[in-house]
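Trainee: My questions will all concern the structure given below.
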Amino acid sequence: MSVGQDKSDARVVARSRRAEAHAAYEGLGGGIFIQPFIRSLHPAPGSVVAGYVAIGDEADPAPLLGILAQHGCRLALPCVTGPGVSLTFRSWAPGEPLTPGAYKIPEPKGGAELVPDFVLVPLLAFTPDGHRLGYGGGYYDRTLAALRAQKPEILAIGLAFAAQEVTHLPLDTNDQLLDWIVTERGARAFQDK
């Protein structure tokens, strides 16, 4: 079996696990991620934090982004500029309008392009050593590789439910490691930076 097929099979299982975890925390919203993130990562005022708009049962970063904005962080959201191309991040603040972009994912209508210090990464599953399973388009892997070449100190932070952790994932050479994972149970670093 190919790595691609193995990843497709893993996505089916991971989607189910994430849906169950999301249902267990429904009603609490994304606020469950605020304290673990703030206690461990301490973003300084002026830092650029790239978030995302949660779709379906993804871990929702919106409450965390609101708190980070109140603490003086600059926020950005990803924009898809084309297939096979890295994401760009445009400035955004809570309450500003969004417009459907590629794949109907909400994106900022305008805003300056920013290079983030922190990138919150959605995912289907993660391993104890920082590998993640995404959706198969490779957008975050390409983006993180490009950003790390430009700004090595950038931190890629997975936002997930603890139940999304698995012992093993199929891997290929383009997969980018997370630096941190933040779940409702806490935050932990995978790599020394």
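Here's the yes/no breakdown for (1) surrounded by fewer than 23 Cβ atoms within 10 Å (Cβ to Cβ); (2) on the phi < 0 side of the Ramachandran plot; (3) touching a helix residue (DSSP H, G or I) at 6+ places or on another chain (Cβ under 6 Å); (4) in contact (Cβ under 8 Å) with a residue 40 or more places away in the chain:
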{"site": "GLN70", "(1), (2), (3), (4)": "yes, yes, no, no"}
{"site": "ALA76", "(1), (2), (3), (4)": "no, yes, no, yes"}
{"site": "THR88", "(1), (2), (3), (4)": "yes, yes, no, no"}
{"site": "GLY95", "(1), (2), (3), (4)": "yes, no, no, no"}
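Trainee: When only residues in region 28-52 that are crowded, with 18+ Cβ neighbours inside 10 Å and farther than 24 Å from GLU153 by Cα count, which is modelled with the lowest pLDDT?
Mentor: By that ranking, first place goes to GLY30.
Trainee: Applying the selection to region 158-176, what residues are surrounded by 15 or more Cβ atoms within 10 Å (Cβ to Cβ) and either closer than 20 Å to SER86 by Cα or not small (Gly, Ala, Ser) (or both)?
Mentor: Within region 158-176, GLY158, LEU159, PHE161, GLN164, GLU165, VAL166, LEU169, PRO170, ASP175, GLN176 qualify.
Trainee: Now for a different question. Among the numbered criteria (1) basic (Lys, Arg); (2) more than 18 Å from the chain's Cα centre (by Cα); (3) on the phi > 0 side of the Ramachandran plot, which one does LYS109 miss?
Mentor: If we test LYS109 against (1) basic (Lys, Arg); (2) more than 18 Å from the chain's Cα centre (by Cα); (3) on the phi > 0 side of the Ramachandran plot, just (3) comes out false.
Trainee: Could you list all residues from region 111-157 that are buried (at least 21 other Cβ atoms within 10 Å of the Cβ) and part of a loop (DSSP other than H, G, I, E, B)?
Mentor: Listed by number, the residues that qualify are PRO116, PRO122, LEU123, LEU124.
Trainee: Pick from ALA125, ALA102, ALA59: which is among the small types (Gly, Ala, Ser) and at pLDDT 95 or above?
Mentor: Only one candidate qualifies: ALA125.
Trainee: Also, quick follow-up: Identify, by number, the condition in (1) in a loop (DSSP other than H, G, I, E, B); (2) touching a residue at least 60 places away in the same chain (Cβ under 8 Å) that PHE37 doesn't meet.
Mentor: Just one mismatch for PHE37, condition (1).
Trainee: Another question, then. Identify the residue in region 142-193 that is in contact (Cβ under 8 Å) with a residue 60 or more places away in the chain and of a type in the set (S, T, N, Q) and, among all such residues, is farthest from ASP9 (Cα to Cα).
Mentor: GLN191
Trainee: Another one. Cβ-Cβ below 8 Å, separation at least six or inter-chain, first residue in region 1-19 and at pLDDT below 95, second in a helix (DSSP H, G or I) and among the hydrophobic types (A, V, I, L, M, F, W, C): which pairs?
Mentor: Every condition considered, the pairs that remain are ARG17/ALA163; ARG18/ALA163.
Trainee: Only one of these conditions is not met by ALA102: (1) under 19 Å from ARG18 (Cα atoms); (2) surrounded by 13 or more Cβ atoms within 10 Å (Cβ to Cβ). Which number is it?
Mentor: Only one criterion is unmet by ALA102, namely (1).
Trainee: Could you pull out the residue among LEU87, LEU155, LEU159 that is modelled with pLDDT of 95 or more and closer than 24 Å to GLU20 by Cα?
Mentor: Step by step, each of LEU87, LEU155, LEU159 is checked, and only LEU159 is modelled with pLDDT of 95 or more and closer than 24 Å to GLU20 by Cα.
Trainee: While we're here: One residue is enough: does region 8-19 have a residue meeting the conditions surrounded by 18 or more Cβ atoms within 10 Å (Cβ to Cβ), among the charged types (D, E, K, R), assigned to a helix (DSSP H, G or I) and in contact with a Pro (Cβ under 6 Å, 6 or more places away or on another chain)?
Mentor: No, region 8-19 has no match at all.
Trainee: Within region 158-186, how many residues turn out to be more than 15 Å from PHE118 (Cα to Cα), not in a loop (DSSP other than H, G, I, E, B) and not polar (S, T, N, Q)?
Mentor: Residues flagged as more than 15 Å from PHE118 (Cα to Cα), not in a loop (DSSP other than H, G, I, E, B) and not polar (S, T, N, Q) within region 158-186 amount to 4.
Trainee: Another question about this same structure. Could you check ALA24 against (1) of a type in the set (A, V, I, L, M); (2) in a loop (DSSP other than H, G, I, E, B); (3) in contact (Cβ under 8 Å) with a residue 60 or more places away in the chain; (4) out of contact with any strand residue (DSSP E or B) (no Cβ under 9 Å at 6 or more places or on another chain) and say which number it fails?
Mentor: Here ALA24 clears every test but (2).
The values are calculated or read from the model by the stated rules, or taken from the named source; none is laboratory data. Please read these numbers as outputs of a predicted model, since none were measured by experiment. Cβ: placed from backbone, ideal geometry, glycine included. Neighbour counts: every protein chain shown.
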